[in-house]
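Visitor: I am attaching a structure below and will ask some questions about it afterwards.
The values are calculated or read from the model by the stated rules, or taken from the named source; none is laboratory data. Worth saying up front: this structure is predicted, and the values here are computed from it rather than measured. Using ideal geometry, Cβ is built from the backbone for each residue, glycine included, and neighbour counts are taken over all protein chains shown.
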Amino acid sequence: MTSRNTPTRRHLLAELENTDRPVSAAELHQALVSAGLDVNKTTVYRQLDALVAEGLASELDLGEGIRRYELHHDNGEHAHFICTECGDVYCLPVDETVLARGCKEAEARGFAVTSCSLELRGVCSSCAAREAH
Ligand SMILES: [Zn+2]
Ligand SMILES: [Zn+2]
């Protein structure tokens with residue numbers, strides 16, 4: 001049963017549109033509850049899975065033990081910066097040829113590439129500013 005245009009789905013898409021960083025399912029659930037929706041986490045996960053299956057959203061596993069979601073970017077693969085202090089994640093544009101070259105190299109060695117991403121870790125500007133005080 002795929003309900004294509006439920007309030008949950010509309011709100012999820014709006015939340016993903018209104019942010020420029022990948023958000024976790026828990027954050028999305030919280031945002032929907034704050035917006036007054038009576039929705040449980042299972043429904044949120046199911047709707048997110050549907051959005052990913054339809055190619056509207058991308059699922060990210062940045063090794064934090066949680067899944068994050070973002071709208072599928074038309075500009076293709078990009079990099080993510082992960083702050084090791086506050087855990088915030090930011091999208092960064094990168095020269096796609098860097099990633100494409102890595103994929104080609106892997107395929108040349110006979111690896112079947114299913115996803116390709118670039119992660120940068122460090123301290124974000126607001127945490128850096130906090131530490132400076
Ligand atoms: Zn930070
Ligand atoms: Zn991103």
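Visitor: Condition first: within 16 Å of ligand 2 (Cβ to nearest atom) and among the β-branched types (Val, Ile, Thr). Can you find one or more residues in region 102-121 that meet it?
Guide: The answer is no, given that none of the residues of region 102-121 is within 16 Å of ligand 2 (Cβ to nearest atom) and among the β-branched types (Val, Ile, Thr).
Visitor: Another question, then. Would it be correct to say that Ser24 is free of Cβ contacts under 8 Å to residues at least 40 places away in the same chain, closer than 23 Å to Cys86 by Cβ, surrounded by 15 or more Cβ atoms within 10 Å (Cβ to Cβ) and in contact with a strand residue (DSSP E or B) (Cβ under 8 Å, 6 or more places away or on another chain)?
Guide: Criteria not met by Ser24.
Visitor: Might you check whether a residue that is within 15 Å of ligand 2 (Cβ to nearest atom), of a type outside the set (A, V, I, L, M, F, W, C) and closer than 21 Å to Asn5 by Cβ occurs anywhere in region 71-84?
Guide: yes
Visitor: Determine if region 32-41 includes at least one residue that is touching a residue at least 24 places away in the same chain (Cβ under 8 Å) and within 16 Å of ligand 1 (Cβ to nearest atom).
Guide: Within region 32-41, none of the residues are touching a residue at least 24 places away in the same chain (Cβ under 8 Å) and within 16 Å of ligand 1 (Cβ to nearest atom).
Visitor: Do we have any residue at all in region 71-90 that's of a type in the set (Val, Ile, Thr) and surrounded by 13 or more Cβ atoms within 10 Å (Cβ to Cβ)?
Guide: Looking for residues that are of a type in the set (Val, Ile, Thr) and surrounded by 13 or more Cβ atoms within 10 Å (Cβ to Cβ), one finds at least one in region 71-90, hence yes.
Visitor: Kindly indicate whether any position in region 20-32 is farther than 30 Å from Ala129 by Cα and of a type in the set (A, V, I, L, M).
Guide: yes
Visitor: Out of (1) over 12 Å from the mean Cα position of the chain (by Cα); (2) at pLDDT below 90; (3) under 30 Å from Val98 (Cβ atoms), the odd one out for Cys83 is which?
Guide: Evaluating Cys83 over (1) over 12 Å from the mean Cα position of the chain (by Cα); (2) at pLDDT below 90; (3) under 30 Å from Val98 (Cβ atoms) leaves (2) as the failure.
Visitor: Within the group Thr42, Thr97, Thr114, which residue is surrounded by fewer than 11 Cβ atoms within 10 Å (Cβ to Cβ) and within 18 Å of Leu28 (Cβ to Cβ)?
Guide: The match here is Thr42.
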